[in-house]
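Q: Here it is: the structure, laid out below.
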Amino acid sequence: MLAQFGFGVFVLTFMLALFGVGAAVVGYFSKSDRWVETARRAMLLTFPLITLAVITLAYLLVTRHYELQYVYSVTSNDMPFYLKITALWGGQAGSLVLWSWLMSAFASAVTLRKWERDRELLPWVIVVTSLTLAFFLSLSIFYENPFARWWQTTGGDFVARMFAPAGAISFTPSDGQGLNPLLRHPGMIIHPPMLYLGFVAFVIPFAFAIAALITGRSDDRWIRLTRRWTLVAWLFLSLGLVLGMRWAYDVLGWGGYWAWDPVEIAALMPWLTGTAFLHSVMIQEKRGMFKQWNMLLIILTYALVIFGTFLTRSGVLSSVHAFAESAIGPMFFAFIGITFVTSVALLIYRWKDLRAEVEMHSLFSREALFLLNNLLFMGVLIVCFWGVIFPLISELVTGQKVTVGPPFYLRANGPLFGALLALMGIAPLSAWGRSTFKTLGRALWKPSIPTAIVPVVLAILGVRNWIALVGFTLVAFVIFVTLYEFWRAWRKPNLKLTRRDQGWLIILLIPLNIGLLVWIFLDLSNWLTPVIFMLLTFFLAAIWLLARRNPRRYGGYLIHLSMVVMAIGILGMDVYQTTTQKTLAVGQNIQISGYTLRYDSLAQFPYTDGRIVTRAVLSVFKDGKFLDKLYPRYDYYPDGQPMTIAGVRSTLADDLYVVLVNWENVSTAQAPFKVYHNPLVNWLWIGSLMFVFGFLVAAWPERELEKGTGKI
Amino acid sequence: MTQEPNTMPAPKRGVPLWAQILVWIGLLGLLGLLAAGLLKAKNPILGVSSAVPDFKLTLFSGYEYNGAPEVKLSDLNGKVVVVNFWASWCQPCASEAADVEAAWKSYAATGKVVFLGVDYVDTEPEARAYMTKFKLSYPNGPDMGTRISQIFNRNLGVPETYVVDQQGILRFIQIGPFQSVTEIQAIVDPILAGR
Amino acid sequence: MKTKKILSFTLYILLFSAALIPAVKVSAQQPTPSDDQVNAIARQLYCPVCENIPLDVCPTTACHQWRELIRQMLTEGKSEAEIKQYFVDYYGARVLSEPPRSGIYWLVYVVPPLAFLAGAYLLFRALQTWKRPANVSIKGADQSSPPGSEPVPDKGSNGAGDDEFVARLEEELKKRK
């Protein structure tokens, strides 16, 4: 009953979305406000409807309705409640529903704003968002239906359909398959929603861009209107990527966070163009240039979002990540064909109208450096895109499969990312408009001096690897430039605190620090951590206040800073990671990078949700001193799927990461262990936290900024 | 500096023709590529009634066909060819191995049917142990570079068996193990008789 | 006679021992390669049957056999290049972590740098065009400062202040098109 209800709501929403498209087109061409308003209301109505369907699906998931194929495939009796909710996006059908729900939510939010000034854009924004919504709904209705149920046909086969095949009887399994164990991890729980938030949010600027192209607007109004959407989309896409890295590191058991797998790259590509777009629109807002290029970038970003979603789900690519092959491939292909061709045709048609009077005075101006930034990002994009589709091409031509893996990407992208690192240091010191080699040089020499010392110090400390030397020097360069900029801001007069600032400082800082003081009193022996946190709160508050002069600028610096901190982690891992594997009898040692690990014991026991846990205990020593005990284990779930959890010891300097190798022979007498030494890896996660802070500084709503007086 | 505001400003160039052509070729090329990829994903297996491309199977030492250490499909024109993919690490392959050997024996004397065993991504010592264990007497060889399996099934699993008729046309596909000798004979006999 | 017998017997023993020496030499080969030595090669290869999983972390029985095969080949003294070539011959080019540099596979290495250079060239040309003073005039339309005011360059500090005006100007112009 409920399943039919949910499906009916889907169909209704689908028709409503299509109606909205029609009404908007009619409204635009007949210049009828009434039709456009009807379209707007249709769009708004889709959101409560889809929400209803989502709630229905969630209810069915939680109440063990295993007669539904989707519920059967992602839930089981022994799963806890919260996991059953997250199972909503644990499979192909459910995740497509999540996509549709988010699309409807964002489109409704955009439709709700006041439209007086931009009335002519509204119909086309509705058309683009409604078409995208209708497409994803059609996938759920016709191909991957979460409300399809199990039937047993007269021939004895089990099929999943929405409506009963002739003569078939309904079938209800007694238990579900349960969620893939790899997906039962916090990182995996929020990583897909974050990515989808990012993907779907990019549809909004795209819709406005298309609307601007169709209506022949050549100003940058659409950029201003969607600036917040672009920022939010980029934030969630970045977070989604980082969460994916963290999940891979925690749960996949190969001591790494990024494998240059095609599906990972499919999510990275829109981020690359999105970042280029984020920078490039700043030039358009500031200098009125590059309208054509910005149009192209946002169209590319949307195209890559759809393309990436297609690659992951159509079975065209082989990957550990990919969803099982499904029938949605052709439908997706048709959608891609239509959207790509239409967007390209529109852009070519309007190309000359977008042309602006471009005045570039100097190759050393900030505009030129931003262009270089874009070129480098596009370079990385081309490497990634080509690497992903080349196996397809090669197989079609030669019939043989081939793999494009990490060595290719690292070798090609390394120098490009290195150049981007350097740019992050140089660009903040450049000026808009006129700038010469001399003026840039004058700005750069001060941070360059401490930077020049860094490789010398590193060489003295024994660093010989040239990638590490160059990489860490560039990182130091950006850090020094950022510190320099903040120091200059500090030196400027008139650092006033508004009443609002004072209020927020009091509300946030004082309770926080009182809490930390209480913590110190409760545990006097462990005073260092809370004291560090107290200093951190004041430090962050100071940065926040400094940044208020120009949040976009200083927030941007903080984001760059967070990126280079992440680069520290990446360099440490890529250059200095070591690994070793050995089968140990109880009491034996394995050594790596100065650490000694001793195999103490092994135990096997069942857990509450039915899995069998095999867990080893190891003691870690360094220079003879005992440091810690580690508990690597692997879990076998009732459906036979194993999950490896590493035993990890984390410090700022490195991670010691031990895996119980479950594919060789494991017994209490002897067990094989694989140990990874991951230097500096935690700076990746620290950097991502800094990223969030930097983003908040940059994007926090500023009443003064809305009037457009902010300078970069 | 004296243009009235309501005349068009100096004509702006659109996208140059060469760029347009390049963009469209690129876009259509990409779409074509995706379409081909999708088709391949949908139809990974060689279709029944299609001609089987020629391939060469280099046999394990100790096996030979007509005195040569290798056999080409084209050499077997006029005979029914049963191509059986197996691997030593595959349990279901072991379950059917005896039946396949027995079926081969039943046809060996006629000289009209040839069984070819193709060892799919395996290691030689383990493969030899397998062949010795099941006393496989028909020609067996490793699928070098997975070239032969790619002809039949892009996503080959083991065991799979493909029956090719006397004119080189694929007539039957078996995914998974055979259950008995009679099952194999029931498939081969009609083809042998020309039906 | 007895001496002769003892001598010939001793000779036989010596000859027999001499024959054993090569055998002893052969069995005293390298000690069994450690897991690390095997993994150093395995991590450069991909599992021939699984999707995109490196051979050193692949959990299947088949992968276990392949790692043992690598161990065996290392014991026989084969070099890393020989082992990788063996895997390519037997299992196809897909086991390598990047395409071999031969035939059509050269394209994967050559296209990105060429595309990047093409992009850089286009950018360079565009920058050149923009640096030329504005002969092709755009009078009063688009994003220039209001006619009659300061010359077009040095828009640097105007920022968004112009945009209100410009937007209205554009709407005006469009109405007249």
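Q: For region B:111-127, does any single residue satisfy the condition of being over 14 Å from B:Ile184 (Cβ atoms), open to solvent by 20 Å² or more (accessible area, probe 1.4 Å), out of contact with any Gly (no Cβ under 7 Å at 6 or more places or on another chain) and among the β-branched types (Val, Ile, Thr)?
A: no
Q: Could you list all residues from region A:21-72 that are modelled with pLDDT of 90 or more and polar (S, T, N, Q)?
A: A:Ser30, A:Thr38, A:Thr46, A:Thr51, A:Thr56, A:Thr63, A:Gln69
Q: While we're on this one: Pairs, please: C-beta under 7 Å, at least 6 apart or cross-chain, first residue of a type in the set (A, V, I, L, M) and in region C:103-126, second modelled with pLDDT of 90 or more and open to solvent by 50 Å² or more (accessible area, probe 1.4 Å)?
A: Once the first residue is of a type in the set (A, V, I, L, M) and sits in region C:103-126, its partners that are modelled with pLDDT of 90 or more and open to solvent by 50 Å² or more (accessible area, probe 1.4 Å) give C:Ala115/A:Ile382.
Q: While we're here: If a residue must be within 14 Å of chain C (Cβ to nearest Cβ) and either over 24 Å from C:Val38 (Cβ atoms) or open to solvent by less than 50 Å² (accessible area, probe 1.4 Å) (or both), how many such residues does region A:556-598 contain?
A: Residues flagged as within 14 Å of chain C (Cβ to nearest Cβ) and either over 24 Å from C:Val38 (Cβ atoms) or open to solvent by less than 50 Å² (accessible area, probe 1.4 Å) (or both) within region A:556-598 amount to 6.
Q: May I ask you to verify whether C:Val49 is among the β-branched types (Val, Ile, Thr) and in a loop (DSSP other than H, G, I, E, B)?
A: It is true that C:Val49 is among the β-branched types (Val, Ile, Thr) and in a loop (DSSP other than H, G, I, E, B).
Every residue, every condition in (1) facing another protein chain (nearest Cβ under 9 Å); (2) within 22 Å of A:Trp293 (Cβ to Cβ); (3) open to solvent by less than 10 Å² (accessible area, probe 1.4 Å), yes or no:
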{"residue": "A:Leu375", "(1), (2), (3)": "yes, yes, no"}
{"residue": "A:Val380", "(1), (2), (3)": "no, yes, yes"}
{"residue": "A:Val388", "(1), (2), (3)": "no, no, yes"}
{"residue": "A:Ser394", "(1), (2), (3)": "yes, no, yes"}
{"residue": "A:Val397", "(1), (2), (3)": "yes, no, no"}
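Q: For A:Leu83, work out the one condition from (1) closer than 26 Å to A:Ile338 by Cβ; (2) in a helix (DSSP H, G or I) it doesn't fulfil.
A: It fails just one condition, (1).
Q: If you check A:Leu420, A:Leu371, A:Leu416, which single one turns out to be more than 10 Å from chain C (Cβ to nearest Cβ) and buried (at least 19 other Cβ atoms within 10 Å of the Cβ)?
A: A:Leu420
Q: If you take the residues in region A:423-434 that are outside any helix (DSSP H, G or I) and of a type outside the set (A, V, I, L, M, F, W, C), which one is farthest from the other protein chains (Cβ to nearest Cβ)?
A: Looking at residues that are outside any helix (DSSP H, G or I) and of a type outside the set (A, V, I, L, M, F, W, C), I get A:Ser430.
Q: With the requirement that a residue be under 30 Å from B:Phe115 (Cβ atoms) and assigned to a loop (DSSP other than H, G, I, E, B), what does region B:15-45 give you?
A: Keep residues of region B:15-45 that are under 30 Å from B:Phe115 (Cβ atoms), which gives B:40, B:43-45.
Scanning region B:15-45 gives B:Asn43, B:Pro44.
Q: In region A:650-664, what residues are closer than 27 Å to C:Thr60 by Cβ, surrounded by fewer than 21 Cβ atoms within 10 Å (Cβ to Cβ) and without any contact (Cβ under 8 Å) to a residue 60 or more places away in the chain?
A: Scanning region A:650-664 gives A:Asn662, A:Trp663.
Q: When only residues in region A:342-356 that are within 7 Å of another protein chain (Cβ to nearest Cβ) and touching a residue at least 60 places away in the same chain (Cβ under 8 Å) count, which is nearest to A:Leu444 (Cα to Cα)?
A: Pass one, region A:342-356, residues within 7 Å of another protein chain (Cβ to nearest Cβ): A:344, A:348, A:351-352, A:355-356.
Right, trim to touching a residue at least 60 places away in the same chain (Cβ under 8 Å) and you get A:355-356.
Working: A:Arg355: 34, A:Ala356: 31 Å.
Among those that are within 7 Å of another protein chain (Cβ to nearest Cβ) and touching a residue at least 60 places away in the same chain (Cβ under 8 Å), it is A:Ala356.
Q: Sticking with this structure for a sec: Quick check on my filter: what residues within region C:52-72 are within 11 Å of chain A (Cβ to nearest Cβ), part of a loop (DSSP other than H, G, I, E, B) and within 21 Å of the chain's Cα centre (by Cα)?
A: C:Asn52, C:Ile53, C:Asp56, C:Val57, C:Cys58
Q: Check B:Asp99 against each of (1) more than 30 Å from A:Ile338 (Cβ to Cβ); (2) within 14 Å of chain A (Cβ to nearest Cβ); (3) touching an Asp or Glu at 6+ places or on another chain (Cβ under 9 Å) and name the one condition it does not meet.
A: (2)
Q: Separate question: Could you list, ordered by first residue, the pairs with Cβ atoms under 8 Å in which the first is in region B:24-53 and farther than 28 Å from B:Leu170 by Cβ and free of Cβ contacts under 8 Å to residues at least 24 places away in the same chain and the second is outside any loop (DSSP other than H, G, I, E, B) and of a type in the set (A, V, I, L, M), at least 6 apart or interchain?
A: As it stands, the answer is B:Trp24/A:Val344; B:Leu27/A:Val341; B:Leu27/A:Val344; B:Leu30/A:Ile389; B:Leu31/A:Ile336, since those pairs meet every condition given.
Q: For the list (1) aliphatic (A, V, I, L, M); (2) modelled with pLDDT of 90 or more; (3) not in a helix (DSSP H, G or I), I need the number of the one condition that A:Leu458 fails.
A: Every condition holds for A:Leu458 apart from (3).
Q: Here's a follow-up. Quick one: B:Gln150 ticks every box in (1) without any contact (Cβ under 8 Å) to a residue 60 or more places away in the chain; (2) open to solvent by 50 Å² or more (accessible area, probe 1.4 Å); (3) within 29 Å of A:Ser394 (Cα to Cα) bar one, so which box is it?
A: (2)
Q: Ok, one more. Pick from A:Val383, A:Val404, A:Val358: which is part of a helix (DSSP H, G or I) and of a type in the set (Val, Ile, Thr)?
A: A:Val383
Q: Can we say A:Leu461 is within 14 Å of another protein chain (Cβ to nearest Cβ) and surrounded by fewer than 16 Cβ atoms within 10 Å (Cβ to Cβ)?
A: Against the criterion (within 14 Å of another protein chain (Cβ to nearest Cβ) and surrounded by fewer than 16 Cβ atoms within 10 Å (Cβ to Cβ)), A:Leu461 does not qualify.
Q: On to the next question. Given the conditions (1) at pLDDT below 85; (2) more than 30 Å from A:Ser430 (Cα to Cα), report the number of the one that A:Glu702 does not fulfil.
A: Condition not satisfied by A:Glu702: (2).
Q: Quick one: in region A:508-537, of everything that is of a type in the set (Phe, Trp, Tyr) and exposed (fewer than 13 other Cβ atoms within 10 Å of the Cβ), which residue is farthest from A:Pro428 (Cα to Cα)?
A: The selected residue is A:Phe521.
The values are calculated or read from the model by the stated rules, or taken from the named source; none is laboratory data. In this text the structure is predicted, and so the values were computed from the model without any measurement. In this analysis, Cβ positions are derived from the backbone assuming ideal geometry, glycine residues included, and neighbour counts consider all displayed protein chains. With ligands, DNA and RNA removed, areas are computed over all heavy atoms of the protein, side chains included. Shrake-Rupley method; radii C 1.70, N 1.55, O 1.52, S 1.80 Å.
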